[in-house]
Amino acid sequence: MPESLFERLGGQDAVNAAVDVFYRKMLMDERVSYFFDDIDMEQQILKQKGFLTMVFGGPNQYSGKSMREGHAHLVKRGLNDAHVDIVIEYLGATLTELGAAMEDIEHVAAVANSVRDDVLGRA
Amino acid sequence: MSTVAFKNQLYTLEPRESVLQCLLRHEVDYPNSCQAGICQSCLIKAKDGVVNSSWQEGLPETLKAQGYFLACLAKPEEPLQVTTPESAECEVSAQIINVKPLNYNVMQVTLRVDHLEHWVPGQYLSLINPDDTIRSYSIANIPMQEGFIELHVKIYPGGSMGQWLVNKATKHTEVKLRGPFGRCFYYNPEQLAFNMLLAGTGTGLAPLVAIIKSALSQNHQGTITLVHGGLSDEDIYYKEELEMLSMLFQSFVYDPCVLQSQGRYPEACIEKRALMHLNYPQETRVYVCGPKETTDKLKKQIFLAGVPSQAILSDVFL
C-alpha cells in the first residue's frame, strides 16, 4: 500500500483536481473570498497546489517560514483562527468529494492545523 | 553536493535547492517574481555545465540553444557556471513595414523580421525602439503564413512607445525584438475537439485574433466564440475583419459588446457577455487577455462557472 495520501489519491493529478474544487469553495464563501480579490488566479492556484501537496503528504517546497511570510500581509488585513477553520473545513469537504476516507481527512486536517501558528504569525 | 558559480563567487547548493533559492539565500539580489517557472524574470545563462531541458520550459528555442534557463526551476546535480542574460543574444533586429490607425487609440504596427517561424501567434514580445524604450505587445497574426509580425499598440497621450510610433517611426525604421514569451497561444497537437471561448477588452483583442486565426488554419473542431469588450462604441476595432471571418467560418462567432453604447453594439459588461456563451464549461478552453482588472474578473467568473483552472489561459497586460 502506498504510504502517503498524496499517492493514494492519485498524485499530481489528484492535486490538480482538488485545487479547483477547493479554490471554488473559497471564492464562493464571502467570509474568505475577499482575501483573494486582488490576487492573480494562476499564481494563487500554483500556491494552493503547493499547499495541498504538502497537506496530502507529497513532495513539497513548503516550510514554516514560507507559510509565515506568505500570510503576513493577510494577518495585517485581519486573517485569524476563524479563517483557518474555514480552510480546514473546505479541505475536508474537497477530500470528501474526491472520495477520501474519514481517517485520511482527519490526518489532512491535523497537518493543516500544524501550520496554523505559522500562518497566523504566532510564536 | 553541487555548486553555482556567479560573478566570480562560488555558492554551494543545499539538497533540493534551486539556483535562484541558492543565490537569494546568499543575498544575491537576482531578479525574480513568481518562482514557479512562468514569469521568466529570473532568466539566466549557463556558461559552463549541464543544463536540463526541464529548466527551460516556455523559453524560445533560440534562448534554449544558447544555454538560457530559468534559475527558479534549476536544481543542478553538477557544478554550474552562470551569468546574467546578454541583451545582444536575447534580441533580434526588425524593420517597421507600416504604422496605421485601427481606431482612435490603437495603431497597427507591422514588422519585417527573419525566422518568422519563431514568432508564435498569440505570444508576446518586447519591442525596443532606438531610444531604448521597451514595451511588450502580443503577436496579432500568423507571422509564418503572412510574412510579417502584426502588433496592436494602444496609444496613450504620454506614452513613450506610442508617441514614438505615431510621431517618429517611419517605414524601414530599425527596432529590436525580444521574445516571444507567454502561454496564451493555440496548442493542440493531438487535434482534440473542444469549444473555445475568447474574451478580452481593448488591445487584449490582438492575441485573441492570432489564436483564432491559428485555430481556424489548423481546422479546429469545435465552436470558437470571441467576445471583444470596450467602454464605448469607438473602442471596438477590427470589426470588418472579424465579421468577414465569421462569414467564412461557420464555427466562428464574433460578439462585441460595450459598457455604454451609442447604438452600434450591445451594452453589456464583458464577464456577463462571455458567460452567456459558456454552454459546456467542462469542455471549453478559455483564453483571456487584456488589462489586469478585466482579466482578473473574467478568469474568476469563468472559473466559478465551472471551467477547470488548467483550461483558462491568459496573458495579463501589465
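Observations on the structure shown:
- Loop-located GluC sites (Glu not before Pro) in the range A:1-96 (DSSP state not H, G, I, E or B) with no more than 11 neighbouring Cβ atoms inside 10 Å: A:E3, A:E30.
- Take each residue in A:32-45, count the other chain C-beta atoms within 10 Å of its C-beta, and the mean is 4.
- Counting other Cβ atoms within 10 Å as a rough exposure proxy, the listed residues B:K213, B:K272 run B:K272, B:K213 from fewest neighbours to most.
- Counting other Cβ atoms within 10 Å as a rough exposure proxy, the listed residues B:C289, B:C269, B:C257 run B:C269, B:C257, B:C289 from fewest neighbours to most.
- Net length available on complete extension from B:K47 to B:L192 is 48.2 nm, with 0.36 nm assigned per residue and the Cα-Cα distance removed.
- Chain B: relative contact order in percent, alpha carbon pairs under 8 Å with at least 6 residues between: 13 percent
- Here B:K75 is the anchor, and the lysines within straight C-alpha reach of less than 29 Å, apart from those fewer than 8 places off in the same chain, are A:K47, A:K49, A:K65, B:K7, B:K45, B:K47, B:K64.
- Under-5 Å amide H pairs with B:L198, H placed in peptide plane, nonlocal only: B:T225, B:L226, B:V227, B:Y287
- Each of A:K76 and B:K171 was given a label point 7 Å from its Cα along the Cα-to-Cβ line. The distance between the two points is 5.5 nm.
- Residue among B:I128, B:G200, B:L245 farthest towards the positive dipole end of the protein assembly as shown, charges placed on Cβ: B:I128
- Convex hull volume per residue, computed on the Cα atoms of the range B:17-153, equals 130 Å³.
- Lys, Arg +1 and Asp, Glu -1 on Cβ, resulting dipole of chain B about Cα centre, debye, nearest 20: 320 debye
- Taking trypsin sites (Lys or Arg not before Pro) in DSSP loop conformation with at most 11 other Cβ atoms inside 10 Å as exposed sites, chain A has its longest uninterrupted site-free stretch at A:32-76.
- Karplus 3J(HN,Hα) series, Hz, for the range B:63-78 with 6.51 cos²θ - 1.76 cosθ + 1.60 (x for Gly, Pro): 6, 4, 5, 9, x, 6, 7, 9, 4, 6, 9, 8, 10, x, 9, 10
- Neighbour counts of other Cβ atoms within 10 Å put B:M196, B:M244 in the fewest-to-most order B:M244, B:M196.
- Taking the DSSP beta bridges with both ends in the protein assembly as shown, the antiparallel portion is around 55 percent.
- Average Cα contact separation per residue, the range B:1-93, under 8 Å, 6 or more apart, as relative contact order %: 35 percent
- Pairwise Cα inverse-distance average, inverted: Kirkwood Rh of chain B (Å): 21.0 Å
- Reachable lysines from B:K292, criterion Cα separation under 18 angstrom, eight or more residues apart if same chain: B:K154, B:K272, B:K300
- For the range B:59-80, the residues whose amide N sits under 20 Å from a probe point set 7 Å from the Cα of B:H26 along the beta carbon direction are B:68-80.
- Our coupling estimate for the range B:214-227, obtained by passing each phi through the Karplus curve with A = 6.51, B = -1.76, C = 1.60 and θ = phi - 60°, is 4, 4, 5, 5, 9, 6, 4, 9, x, 6, 10, 10, 10, 10 Hz, Gly and Pro reported as x.
- Relative contact order (percent, whole number), chain A, Cα cutoff 8 Å, 6+ residue spacing: 31 percent
- Between 0 and 90 degrees, the angle of helix A:41-55 with respect to the longest Cα principal axis of chain A falls at about 50 degrees.
- If you look at the Cα atoms of the range A:5-119, you get an Rg and a Dmax of 13.2, 37 Å.
- Overall form of the range B:88-181 per C-alpha gyration tensor (a/c, 1.5; a/b vs b/c): prolate
Taken together, the values in this text are just the output of simple stated rules run on the coordinates, not laboratory data. None of these values were measured; they are calculated from a predicted model. For neighbour counting, all protein chains shown are included, and Cβ atoms are generated from backbone atoms with ideal geometry for every residue, glycine included.
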